[in-house]
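Okay, structure first, notes after.
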Amino acid sequence: MKRIITISSNGLLKSLETKELLSKKLINAGFEVRDDFHPDTELVISIGGDGSFLKTIHDFEFPEVPVVGINTGHLGFFPDISPDNIDDFIEAYLKKDYLIQDISLIQANICTNKHCLDIFAINEVVVKGDKSRTTHLNLKVNDTHIQNFSGDGMIISTPTGSTAYNYAAGGSIVDSSLNLMQLTPLYPINTNAYRCFTSSIIFSSESIINIIPEYRFEDSILIVIDGVEHKYSQISDIKIFVSDIKIKLLRMSNYEFWSRVSEKFL
Ligand code: NAP
Ligand code: MN
């Protein structure tokens, strides 16, 4: 039986050319290559940038097998391999010369006045208004009331997501070996009318963050998961916590988080 590798690519010409070349090389090395996720798929390869990498993992519903990226995108914080290094990658993969990084997802349990559902994030969950008015969110942690937030909204990010939207919003970059959640406010108001924290808050991986929207004007809460909008009517309660579900990122053996940060950010 052949070992199966699933390849997913964005639509850019460079990605499609890389996919074609990679497929040929993997077939020559004895693998079966597929576009879909087969129960026997042993590795998922995403070709594109970070956005494609996130989309691949969501599309394949958080596979248990390792995922690796080939960067044809802009930043490429997730994808580890350059299209010029495909041969080295195949050689290293065959020799099992790589690292596996376990990434805990963040889970959001969202309840409306009709039902509850769970969604999962690799980078972050954003809770904000879908109109341009001030958003009011009551924040509790483990049943303890913390603050009545007023502003644009809040980001709850994973350590992996800390370098994305969280960082742009003034949050801290988190060492990827830590297990925690970072809540970063988006334009918090801090006046005599409204008081809330203006810096990020770090929560332990055991915490349950509870956000209860306060509807002053209209039903207007938007949830954004890894850059994709989810709109539900009449959200009454959102619970956010570190999920039991993990994904495995395959990294080349010379991968080092902080050198990646300085390479991509400075
Ligand atoms: P996008 O608009 O292309 O993403 C914005 C930038 O974030 C891209 O350069 C993307 O890299 C990069 N990125 C994504 N995940 C990252 C990570 N974990 N660490 C460092 N950089 C990362 O949209 P997208 O590609 O679909 O990515 C979705 C993400 O965009 C969301 O999860 C959110 O974090 C981020 N976002 C950021 C802002 C902001 O900074 N103001 C606003 C909305 C969303 P590539 O160029 O390789 O795609
Ligand atoms: Mn992108």
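Structure summary
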quantity	calculated
Single match in Asp237, Asp226 (criterion: assigned by TED's automatic domain parsing to the domain that holds Gln182, over 26 Å from Pro63 (Cβ atoms) and either among the aliphatic types (A, V, I, L, M) or in contact with a strand residue (DSSP E or B) (Cβ under 6 Å, 6 or more places away or on another chain) (or both))	Asp237
Hey, Phe265 modelled with pLDDT under 95, within 14 Å of Leu137 (Cα to Cα) and of a type in the set (A, V, I, L, M, F, W, C) or not	no
Filter result (part of a loop (DSSP other than H, G, I, E, B), without any contact (Cβ under 8 Å) to a residue 40 or more places away in the chain and of a type in the set (S, T, N, Q)) within region 33-86	Ser82
Evaluation of Asp237 against (1) touching a Cys at 6+ places or on another chain (Cβ under 7 Å); (2) modelled with pLDDT under 95 (one fails), failing number	(2)
Test set (1) assigned to a loop (DSSP other than H, G, I, E, B); (2) more than 16 Å from ligand 1 (Cβ to nearest atom); (3) in contact (Cβ under 8 Å) with a residue 12 or more places away in the chain - Thr191 fails condition number	(3)
In region 151-175, the residues that are in a loop (DSSP other than H, G, I, E, B) and more than 10 Å from ligand 1 (Cβ to nearest atom)	Asp152, Gly170, Gly171, Ser172, Val174, Asp175
Counted residues, region 127-166 - those being surrounded by 19 or more Cβ atoms within 10 Å (Cβ to Cβ) and either small (Gly, Ala, Ser) or within 16 Å of ligand 2 (Cβ to nearest atom) (or both)	12
Test: Phe120 is outside any helix (DSSP H, G or I), among the aromatic types (Phe, Trp, Tyr), within 14 Å of ligand 1 (Cβ to nearest atom) and in contact with a Leu (Cβ under 6 Å, 6 or more places away or on another chain)	yes
All positions within region 216-231 that are within 16 Å of ligand 1 (Cβ to nearest atom), surrounded by 17 or more Cβ atoms within 10 Å (Cβ to Cβ) and assigned to a strand (DSSP E or B)	Leu222, Ile223, Val224, Ile225
Residue that is in a strand (DSSP E or B), under 30 Å from Asn113 (Cα atoms) and in contact with a His (Cβ under 8 Å, 6 or more places away or on another chain), where the choices are Pro213, Pro185	Pro213
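Residue-wise test of (1) of a type in the set (Phe, Trp, Tyr); (2) on the phi < 0 side of the Ramachandran plot; (3) in the same structural domain as Ser233 (by TED's automatic domain parsing); (4) more than 16 Å from ligand 2 (Cβ to nearest atom).
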| position | (1), (2), (3), (4) |
| --- | --- |
| Leu54 | no, yes, no, no |
| Ile57 | no, yes, no, no |
| Leu75 | no, yes, no, no |
| Ile81 | no, yes, no, yes |
| Ile110 | no, yes, yes, yes |
| Leu117 | no, yes, yes, yes |
| Val125 | no, yes, yes, yes |
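The values are calculated or read from the model by the stated rules, or taken from the named source; none is laboratory data. As the structure is a computational prediction, the values presented were derived from the model and not from experiment. Quick reminder, even Gly has a Cβ in these numbers, built from the backbone with ideal geometry, and neighbours come from all protein chains shown.
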